[in-house]
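The values are calculated or read from the model by the stated rules, or taken from the named source; none is laboratory data. Note that the coordinates shown come from a computational prediction; the quantities given were computed from them, not determined experimentally. Reconstructed Cβ throughout: ideal geometry from the backbone, glycine too, with neighbour counts over all protein chains shown.
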């Protein structure tokens, strides 16, 4: 699925001066399978980008097209299918259920499409060195551990795009690179692309494009 | 897991209060509807006259005895009575305008003969089998309804003759005959048969066609006066009928009025209970709906996140909908069970007091329960739909 930004300008960002390279107000095509880094300082609209692409915000001018279809015409049911099968997201605030265990948080997502077995999900946690937290409630984990759970959860569904909103903000370099490696492997497997928003750090990864806000 | 996420953390105090309110409302709703129907059915079928029906006549006073006041009804007076809101129908009671005597015509029964007074009333006012209550000139037997007092008198006569007394059923098998005649000595004998008894009418009742035949053939030519009327009043408003009778100086047999008055009073009381029950069910239903809104609002983060994860709004709506439908279902079932406990005690109390009201179940109370359940189901679904789509 190709994503086309056609002169999109979110209303809260209209008053800000954007550079000529910014995706806001320009035509930008996100081609399927590409690895994209979205680099911007605070307040430039990284979360707005994530929320817009995921259909949570519609307060913008211009058009957002998925395979040449205007997303403003999508019904709630179509958005549900997109969120279940086409686009996966790691939100900046993670959106985990603190009262549920790591296992339950992952199962809740995985149950929608039955992508992985419990042991496979556990092996992802093992790769990120938090497999010992399997039965622990998410609310009791550190922010860094929660970020890793949210990353694993985002992989437990089929997708064509993975949007990660500052996913490594509480991770050290080693854990960030491990996570990025896991993300890249899963994207390759699905022939999917990802957009990683960051405050400037590229985590020593070679991206296909770099976008600026 | 979804249930654990959406329903685990809730303050159940408000839910329990709403459940108790609904349970009490449902129990009283079914009970009051059941007994409202049973009280209205009370007395039906015990007499040949239909329910809430009375025969009225003008009060006989000294002036009417001296022919200074009329005791008959004009057509205008009948029309005025019909216009009263609480009166369903008014029809004149037609009497014989010829001579009638009634005699036994069975070899097994001693001879008995007496001049009698016969009357006919509109069949709409009677609980009688219409195929039985029919007579044409070709028929050899006239069906009749006998005043029960007449049978008592007949039994007194039998007893004096040293013959065993007869029951209602046996009396229906005995042959009788009418002798109808006029002043010019023309006469005719026609066999007749008892098909029922009445406590409310003092004369022998015959079909309208027989009365017309007798009046046409043997009646004197003077215009027949209407001195009695049949009135049927609306359910639960018999007090108004009684009031109207007083105002218009009319009178009726006391027992008819007492039953009507009692039924109206008890019916009104039960209606009040029914009204309170409906309000209780409505209010507790509202509290349950409000609790559902509170629950959705408390779980707005969970609902919103589930929708972002790709959970269908319909699936989440159904979770809330079925949760509350199950709660109301259990309340209804327990309320229905409690109704049977109440019914057992109330029926025993009525029986001990000599009031034999029907003990079978009334369908309307079940319909009322199903209706309340349906309304709650619809309200619950609409509420869940609105709450979930708000988070989308």
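Restricting the search to strands (runs of 3 or more DSSP E) fully inside segment A:28-121 and requiring at least 2 residues that are at the interface with chain B (Cβ under 10 Å from one of its Cβ atoms) gives A:87-90.
Take the conditions modelled with pLDDT under 95, under 29 Å from residue A:1 (Cα atoms) and surrounded by fewer than 22 Cβ atoms within 10 Å (Cβ to Cβ) and apply them to residue A:93. Does it pass? Considered against the rule, which asks whether it is modelled with pLDDT under 95, under 29 Å from residue A:1 (Cα atoms) and surrounded by fewer than 22 Cβ atoms within 10 Å (Cβ to Cβ), residue A:93 comes out as yes. When residues in segment B:1-19 are screened for being free of Cβ contacts under 8 Å to residues at least 60 places away in the same chain and under 40 Å from the mean Cα position of the chain (by Cα), 1 of them pass. I'd like to check something: does segment A:126-135 contain any residue that is away from every other protein chain (no Cβ under 14 Å), touching a helix residue (DSSP H, G or I) at 6+ places or on another chain (Cβ under 7 Å), within 23 Å of residue A:33 (Cα to Cα) and assigned to a loop (DSSP other than H, G, I, E, B)? Scanning segment A:126-135, I find no residue that is away from every other protein chain (no Cβ under 14 Å), touching a helix residue (DSSP H, G or I) at 6+ places or on another chain (Cβ under 7 Å), within 23 Å of residue A:33 (Cα to Cα) and assigned to a loop (DSSP other than H, G, I, E, B), so the answer is no.
In segment B:1-18, the qualifying residues are those that are more than 14 Å from every other protein chain (Cβ to nearest Cβ) and out of contact with any helix residue (DSSP H, G or I) (no Cβ under 6 Å at 6 or more places or on another chain), and the one that is nearest to residue A:99 (Cα to Cα) is B:11. Across segment B:152-161, a minimum of one residue is classified as over 28 Å from the mean Cα position of the chain (by Cα) and either under 30 Å from residue B:87 (Cα atoms) or assigned to a loop (DSSP other than H, G, I, E, B) (or both). Scanning segment A:1-51 for residues that are in contact with a strand residue (DSSP E or B) (Cβ under 6 Å, 6 or more places away or on another chain) and free of Cβ contacts under 8 Å to residues at least 40 places away in the same chain yields A:25, A:27, A:29, A:48.
Given the condition in the same structural domain as residue B:19 (by TED's automatic domain parsing), over 23 Å from residue B:280 (Cβ atoms), modelled with pLDDT of 85 or more and surrounded by 12 or more Cβ atoms within 10 Å (Cβ to Cβ), answer yes or no: does some residue in segment B:365-376 qualify? For segment B:365-376, residues in the same structural domain as residue B:19 (by TED's automatic domain parsing), over 23 Å from residue B:280 (Cβ atoms), modelled with pLDDT of 85 or more and surrounded by 12 or more Cβ atoms within 10 Å (Cβ to Cβ): absent. The residues of segment B:107-138 that are out of contact with any helix residue (DSSP H, G or I) (no Cβ under 9 Å at 6 or more places or on another chain) and at pLDDT 85 or above, listed by number, are B:113, B:115, B:117, B:138. If you go through segment B:295-309 and pick out every residue that is farther than 14 Å from residue A:98 by Cα, surrounded by fewer than 19 Cβ atoms within 10 Å (Cβ to Cβ) and facing another protein chain (nearest Cβ under 10 Å), you end up with 1.
Within segment A:183-206, the residues that satisfy the criterion of being modelled with pLDDT of 90 or more and in contact with a helix residue (DSSP H, G or I) (Cβ under 6 Å, 6 or more places away or on another chain) are A:186, A:194, A:197.
Look at residue B:316 and say whether it is within 14 Å of chain A (Cβ to nearest Cβ) and crowded, with 22+ Cβ neighbours inside 10 Å. In short, yes.
Of the residues in segment A:139-152, at least one is within 30 Å of residue A:4 (Cα to Cα), within 14 Å of chain B (Cβ to nearest Cβ) and touching a residue at least 60 places away in the same chain (Cβ under 8 Å). Determine whether residue B:26 is assigned to a helix (DSSP H, G or I), at pLDDT 85 or above, away from chain A (no Cβ under 14 Å) and within 24 Å of the chain's Cα centre (by Cα). Yes; evaluated as a whole, the condition is true for this residue. Residues that are in a helix (DSSP H, G or I), in contact with a helix residue (DSSP H, G or I) (Cβ under 6 Å, 6 or more places away or on another chain) and free of Cβ contacts under 8 Å to residues at least 12 places away in the same chain within segment B:286-311 comprise just one, B:309. Just to be sure, is residue B:267 in the same structural domain as residue B:30 (by TED's automatic domain parsing), modelled with pLDDT of 90 or more and assigned to a helix (DSSP H, G or I)? Taking the combined requirement at face value, the residue does not satisfy it.
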